[in-house]
Amino acid sequence: MASGLLLGGAVAALVTAAIPAHSPSGGFVDPPPDKIVIDVATVNGSGCRPGTAAVAVSEDNTAFTVTYSEYLAQVGGNSDPTAFRKNCQLSLIVHVPQGFTYAIASADYRGFASLQAGASAVQRASYYFQGSSQTVFKNHTFNGALNDNWQATDTTDWANLVYAPCGVQRNFNINTELRVNAGTSSPSKVSFMAMDSTDGDINTVYHMAWKECPGK
């Protein structure tokens with residue numbers, strides 16, 4: 001792994017295909033050879049208390065991973081009434097090689113869900129650079145009965161990628177949320193959805209696209 005900021009827990013192994021960068025002329029260029037460093041400016045939310053999230057960068061500069069250890073929403077049984085919704089806002093400082101800028105081409109989310117028949121859950125996320133308008137949340141819905149691993153992917157078309165401004169340091173913000181609804185399920189039975197990594201092999205991967213800045 002390249003340099004990154006470890007907030008807590010073991011960083012999961014990252015396996016991802018390289019995504020080529022898009023050049024201003026419409027062609028593709030390889031990711032910059034120099035290492036990138038991601039620092040975490042702030043971590044806020046009920047799903048990522050201090051010390052329960054970790055960020056690491058892939059060696060080929062095409063992705064970074066966020067790993068959670070306590071990101072779980074649940075309803076039913078003796079659950080806390082506020083536990084049905086958990087959220088996390090990460091504000092990342094991405095140090096990129098001079099002459100390049102980046103965008104997030106796709107994001108892969110993974111976890112485990114145990115939903116009773118009649119219950120449902122939603123995983124949602126939005127992404128935006130500091131100083132720009134926040135994007136609309138992308139939602140993924142899961143319905144019970146379900147007792148299995150889950151995965152969701154947010155993808156952006158190349159033509160619609162939003163790149164960080166060249167020559168200006170802007171934090172990259174990621175807002176995620178898990179929400180569980182009991183629906184018609186029995187109030188005495190627990191339903192939950194987790195995006196966590198207690199054993200280090202469940203993680204969230206953000207795939208990066210690269211572009212050369214004008215005048216490079």
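The values are calculated or read from the model by the stated rules, or taken from the named source; none is laboratory data. It should be emphasised that the depicted structure is a prediction, and the values quoted were computed from it without experimental measurement. Virtual Cβ from ideal backbone geometry, glycine too; neighbours counted across all protein chains shown. What goes into the accessible areas is simple: the full protein's heavy atoms, side chains included, and nothing from ligands, DNA or RNA. Shrake-Rupley method; radii C 1.70, N 1.55, O 1.52, S 1.80 Å.
Looking only at residues in the range 124-137 that are open to solvent by less than 90 Å² (accessible area, probe 1.4 Å) and of a type in the set (A, V, I, L, M, F, W, C), the one that is farthest from N173 (Cα to Cα) is F137.
Output the residue which, of all residues in the range 138-152 that are open to solvent by 60 Å² or more (accessible area, probe 1.4 Å) and touching a residue at least 24 places away in the same chain (Cβ under 8 Å), is farthest from W210 (Cα to Cα). Full working, then the answer.
So the first thing to find is which residues in the range 138-152 are open to solvent by 60 Å² or more (accessible area, probe 1.4 Å), and the list is 138-139, 141, 143, 145, 147-149, 151.
Subsequent filtering for residues that are touching a residue at least 24 places away in the same chain (Cβ under 8 Å) retains 143, 145, 147-149, 151.
Numbers: N143: 36, A145: 41, N147: 38, D148: 35, N149: 31, Q151: 25 Å.
Looking at residues that are open to solvent by 60 Å² or more (accessible area, probe 1.4 Å) and touching a residue at least 24 places away in the same chain (Cβ under 8 Å), I get A145.
Restricting the range 85-123 to residues that are farther than 30 Å from G167 by Cβ and of a type in the set (F, W, Y) leaves a set whose member that is most open to solvent (accessible area, probe 1.4 Å) is F112.
Does V66 satisfy the condition of being more than 20 Å from the chain's Cα centre (by Cα) and in contact (Cβ under 8 Å) with a residue 24 or more places away in the chain?
On the way: more than 20 Å from the chain's Cα centre (by Cα): no; in contact (Cβ under 8 Å) with a residue 24 or more places away in the chain: yes.
Against the criterion (more than 20 Å from the chain's Cα centre (by Cα) and in contact (Cβ under 8 Å) with a residue 24 or more places away in the chain), V66 does not qualify.
Of all residues in the range 155-193, those being buried (at least 21 other Cβ atoms within 10 Å of the Cβ), aliphatic (A, V, I, L, M), part of a strand (DSSP E or B) and modelled with pLDDT under 95 number 0.
If you go through the range 69-84 one residue at a time, do you hit one that is crowded, with 16+ Cβ neighbours inside 10 Å and closer than 30 Å to G215 by Cβ? Looking through the range 69-84, none of the residues is crowded, with 16+ Cβ neighbours inside 10 Å and closer than 30 Å to G215 by Cβ.
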